[in-house]
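The structure under discussion appears below in the form of structure tokens.
The values are calculated or read from the model by the stated rules, or taken from the named source; none is laboratory data. These figures come from a predicted structure and were not determined experimentally. Here the Cβ is made from the backbone with ideal geometry for all residues, glycine too, and neighbour counts use every protein chain on show. Accessible surface is based on the protein model in full, side chains and every heavy atom, while ligands, DNA and RNA are left aside. Shrake-Rupley method; radii C 1.70, N 1.55, O 1.52, S 1.80 Å.
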Amino acid sequence: MPEVLKAPLVVEFPFTRSLGPVQSAFLTGLRERIVLGVRTGDGRTLVPPVEYDPVTAEEIRDLVEVAPTGTVTTWAWNHAPRRDQPLDTPFAWALVRLDGADTALLHALDAPGPDAVHTGMRVRVRWAGERTGAITDIACFEPYDGSPAEPTGHTGEFEDPITGIVARARLDYTYSPGRAQTAYINALADRRNVGERCPSCRKVYVPPRGACPTCGVATSEQVEVGPRGTVTTFCIVNIKAKNLDIEVPYVYAHIALDGADLALHGRIGGIPYNQVRMGLRVEPVWTEGGRYPDHYRPTGEPDADYDTYKELV
Amino acid sequence: MARDLPVRDIAVVAFGQTDHRRTSEELSEVEMLMPVLHDVLAQTGLKTTDIGFTCSGSSDYLAGRAFSFTLALDGVGAWPPISESHVEMDGAWALYEAWTKLLTGDADTALVYSYGKSSPGPLRDVLTRQLDPYYVAPLWPDSVALAALQAQALIDAGDTDEPALAAVAVRSRDVAATNSHAQLQGSVPQGEYVVRPLRTGDCPPIGDGAAAVILAAGERARELCERPAWIRGIDHRIEAHGLGVRDLTDSPSTRLAAEKAGAFERPVDTAELHAPFTSQEVVLRKALKLEGGVRVNPSGGALAANPVMAAGLIRIGEAAARIHRGESDRALAHATSGPCLQQNLVAVLEGDPR
């Protein structure tokens, strides 16, 4: 098996999420060290609160304060905390039913070891030093042997409620393009365009993805195509892309390499943007050390006849 | 009250799966999938152009790329245009969609496939992104941690203990010795705690894999398969997303889905349960009222191979294949999705009387 290409792939996004009235009150409350639940039609108090009764699906927004003390209903000892989890020292995950609530909240429980944790144990909220209106305003729970804390009598109305959260997330992958695309990318580094021929319909795909989308069969026979090709269609780009050092306007085109049955994408250079046309004959231009063509430029040949590339438009 | 029976007889007529492995990084998704597609087509003699409806299941979060399923469509001959759909879920739900499509009479055959490559990313962390984004996901509780909360709840309730969980692990990997596709077979150490009370042996292997099934209606099924596995009922149910709202020691959604699928009308002889963690088998056995005479997970189940997004479809496929081979007459297949058995699908499959 030839060595397969690999590269780090980081997916990172700051999701901006808006809050409804119930979630807004709950998260604003955490900022103010107040824990709020919501009362259902049958008189249960849900913490954390939701906007719709999980049993009846009725809209609910009757906020009620509960205590920052509670009881562990189940737990699991996490001896090796992972990135972004609430504590970086060993801790217990716990579902905690706060005093006054009928349901349990998931969070971390800071305890010296698994022997110090049991279902039914009493705990209390440890507030984060800096609070922004997020579930992480609860830093974690900690063991507590006192009586239930008294609610402050808060109504759930806040002067400056938060209305949204930014939920940051990052995942680190190792991307591998697989056999067919690895072969294609490796050949490109040698300034060769290598496609694959379908054993059934005999079409040559560039870039190859290992399958013929018409026949649904694996492709494996490698075929060198190009380097020259024909512009089958194009567009003129007038908006400068971020982090891309190309002057606008420029032309982005579909290029059918000679011998290929599928057009690939490429930028056209070496010719004014308003003189690019369908049928223009082009060839790839590699920059020093480049692993793929920087752009395609005119070869100077006469334009290709429309009939020679109309199937690929 | 009598259950409404499907208006059309629909059967699983072919099933194929990859050898599930820790990594298949040398293959793209479509390269991994295609041999499985060719396998089920060869079993039935159908060509891609003969298929009336195609439906797939996969997840962009495993691939780390948007619309990743579109590339896999190269493998099913999606040009000229075909009738196709996709679910961002386990392929068992894709099968449910295909089944309803066949019920409408718009198609007589359906190709269902699903795949998952867990190797590119940190699976335990990736799965946190399916959790409630306001209250839970910001804490990054990983998939093993959530299963461990459920396991502790079961232990506290007296439903199981660590030796009983270990026995589930041992039995699953022992029977998987006869399953050449399984990733973990035979004796596997129970190991250290991953998140207590769950040890390595209580957790499924992380791996890459794919599966495919062909469905056919009525006489078409008999033409394509000597002993079709008729879907007598199929149903899926979901529970509240809030873990603290649910009773983690029970699975009322599984029980309800099983009831609606007709699982309790007569005993089954085989049950393929999608229980990635040993503790979840305890919950499912209780919810499904499985008695001692039922063969549970003769394939080894998800503890032997758990390609995410395919493992549920594999349960239906394994149950159907036993009927095809004459090793079962009435089988139950279960698939799950989400943390702590949040969503559950149950199908009841039968072979013609012998």
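For segment A:76-89, name all the residues that are over 27 Å from A:Glu32 (Cα atoms) and either buried (at least 24 other Cβ atoms within 10 Å of the Cβ) or at the interface with chain B (Cβ under 7 Å from one of its Cβ atoms) (or both). A:Ala76, A:Trp77, A:Asn78, A:His79, A:Arg82 - these are the residues of segment A:76-89 that are over 27 Å from A:Glu32 (Cα atoms) and either buried (at least 24 other Cβ atoms within 10 Å of the Cβ) or at the interface with chain B (Cβ under 7 Å from one of its Cβ atoms) (or both). Scanning segment A:186-208 for residues that are within 33 Å of the chain's Cα centre (by Cα) and within 12 Å of another protein chain (Cβ to nearest Cβ) returns A:Glu196, A:Tyr205, A:Pro207, A:Pro208. Tell me, please, whether a residue that is over 30 Å from B:Leu41 (Cα atoms) and either free of Cβ contacts under 8 Å to residues at least 60 places away in the same chain or assigned to a loop (DSSP other than H, G, I, E, B) (or both) can be found in segment A:213-225. Yes, the conditions are met somewhere in segment A:213-225. In segment B:276-299, the residues that are closer than 20 Å to B:Gln343 by Cβ and open to solvent by less than 10 Å² (accessible area, probe 1.4 Å) form no Cβ pair under 8 Å with any partner that is in a helix (DSSP H, G or I) and modelled with pLDDT under 95, whether six or more places apart or across chains. Of the residues contained in segment B:226-246, none is found to be aromatic (Phe, Trp, Tyr), open to solvent by 70 Å² or more (accessible area, probe 1.4 Å) and out of contact with any Lys or Arg (no Cβ under 6 Å at 6 or more places or on another chain).
When segment A:215-231 is limited to residues that are open to solvent by less than 30 Å² (accessible area, probe 1.4 Å) and among the β-branched types (Val, Ile, Thr), the one that is nearest to A:Gln275 (Cα to Cα) turns out to be A:Val231.
When you check B:His274 against the structure, is it under 22 Å from B:Leu215 (Cα atoms) and not in a loop (DSSP other than H, G, I, E, B), yes or no? It is false that B:His274 is under 22 Å from B:Leu215 (Cα atoms) and not in a loop (DSSP other than H, G, I, E, B). For A:Pro151, the criteria (1) more than 9 Å from every other protein chain (Cβ to nearest Cβ); (2) open to solvent by 30 Å² or more (accessible area, probe 1.4 Å); (3) at pLDDT 90 or above hold in every case but one, which is (3). Just to be sure before I move on: is B:Val168 modelled with pLDDT of 95 or more and in contact with an Asp or Glu (Cβ under 7 Å, 6 or more places away or on another chain) in the structure I sent? It is true that B:Val168 is modelled with pLDDT of 95 or more and in contact with an Asp or Glu (Cβ under 7 Å, 6 or more places away or on another chain). Within segment A:163-191, being of a type in the set (A, V, I, L, M) and closer than 30 Å to A:Trp75 by Cβ holds for A:Ile165, A:Val166, A:Ala167, A:Ala169, A:Leu171. Just so you know, in segment A:76-124 the residues that are within 18 Å of A:Leu46 (Cβ to Cβ) and of a type in the set (D, E, K, R) include one that is farthest from the chain's Cα centre (by Cα), and it is A:Asp99. Among residues of segment A:3-19 being more than 8 Å from every other protein chain (Cβ to nearest Cβ) and either in contact with a Cys (Cβ under 9 Å, 6 or more places away or on another chain) or open to solvent by 60 Å² or more (accessible area, probe 1.4 Å) (or both), the one that is modelled with the lowest pLDDT is A:Glu3. Candidates are the residues of segment A:56-108 that are in contact with an Asp or Glu (Cβ under 7 Å, 6 or more places away or on another chain), touching a residue at least 12 places away in the same chain (Cβ under 8 Å) and not in a loop (DSSP other than H, G, I, E, B); the one that is farthest from B:Ile155 (Cα to Cα) is A:Val66. With the condition kept exactly as written, say whether any residue in segment A:155-164 is assigned to a strand (DSSP E or B) and either of a type in the set (Asp, Glu) or on the phi < 0 side of the Ramachandran plot (or both). Within segment A:155-164, one or more residues are assigned to a strand (DSSP E or B) and either of a type in the set (Asp, Glu) or on the phi < 0 side of the Ramachandran plot (or both).
Taken over segment A:8-45, the criterion of being of a type in the set (Lys, Arg) and in a strand (DSSP E or B) is satisfied by A:Arg17, A:Arg39.
Residues of segment B:1-33 that are buried (at least 16 other Cβ atoms within 10 Å of the Cβ) and small (Gly, Ala, Ser): B:Ala11, B:Ala14, B:Gly16, B:Ser24, B:Ser28. With respect to the conditions (1) farther than 20 Å from B:Asp50 by Cβ; (2) open to solvent by less than 20 Å² (accessible area, probe 1.4 Å); (3) among the aliphatic types (A, V, I, L, M), B:Ala217 lacks only one, and its number is (1).
Is one or more of the residues making up segment B:154-164 open to solvent by less than 10 Å² (accessible area, probe 1.4 Å), within 13 Å of another protein chain (Cβ to nearest Cβ) and assigned to a loop (DSSP other than H, G, I, E, B)?
No, because not a single residue in segment B:154-164 is open to solvent by less than 10 Å² (accessible area, probe 1.4 Å), within 13 Å of another protein chain (Cβ to nearest Cβ) and assigned to a loop (DSSP other than H, G, I, E, B).
For segment B:185-213, a residue qualifies if it is more than 17 Å from B:His274 (Cα to Cα), open to solvent by less than 30 Å² (accessible area, probe 1.4 Å) and within 12 Å of chain A (Cβ to nearest Cβ), and the qualifying residues are B:Val195, B:Pro197, B:Leu198.
Mind listing just one residue for me: the one in segment A:90-133 that is crowded, with 17+ Cβ neighbours inside 10 Å and of a type in the set (Val, Ile, Thr) and, of those, nearest to the other protein chains (Cβ to nearest Cβ)? Of everything passing the filter in segment A:90-133, A:Thr103 is nearest to the other protein chains (Cβ to nearest Cβ).
Only one residue in A:Val38, A:Val50, A:Val22, A:Val64 is open to solvent by less than 70 Å² (accessible area, probe 1.4 Å), within 11 Å of chain B (Cβ to nearest Cβ), touching a Lys or Arg at 6+ places or on another chain (Cβ under 8 Å) and of a type outside the set (D, E, K, R). Which one?
A:Val22
Only one of the numbered conditions (1) touching a helix residue (DSSP H, G or I) at 6+ places or on another chain (Cβ under 9 Å); (2) buried (at least 16 other Cβ atoms within 10 Å of the Cβ); (3) of a type outside the set (A, V, I, L, M); (4) assigned to a loop (DSSP other than H, G, I, E, B) is violated by A:Thr136, and that is (4). Given the structure, is B:Ala263 surrounded by 24 or more Cβ atoms within 10 Å (Cβ to Cβ), touching a residue at least 12 places away in the same chain (Cβ under 8 Å), among the small types (Gly, Ala, Ser) and closer than 27 Å to B:Tyr115 by Cβ? In short, no. Taken over segment B:333-347, the criterion of being open to solvent by less than 10 Å² (accessible area, probe 1.4 Å) and assigned to a strand (DSSP E or B) is satisfied by B:Ala333, B:His334, B:Ala335, B:Asn344, B:Leu345, B:Val346, B:Ala347.
Each residue in segment A:163-214 was checked for being polar (S, T, N, Q), under 22 Å from B:Glu26 (Cβ atoms) and open to solvent by 40 Å² or more (accessible area, probe 1.4 Å), and 3 of them qualify.
Checking each residue in segment B:127-146 for being surrounded by 23 or more Cβ atoms within 10 Å (Cβ to Cβ), within 7 Å of chain A (Cβ to nearest Cβ) and assigned to a helix (DSSP H, G or I) picks out only B:Ala145.
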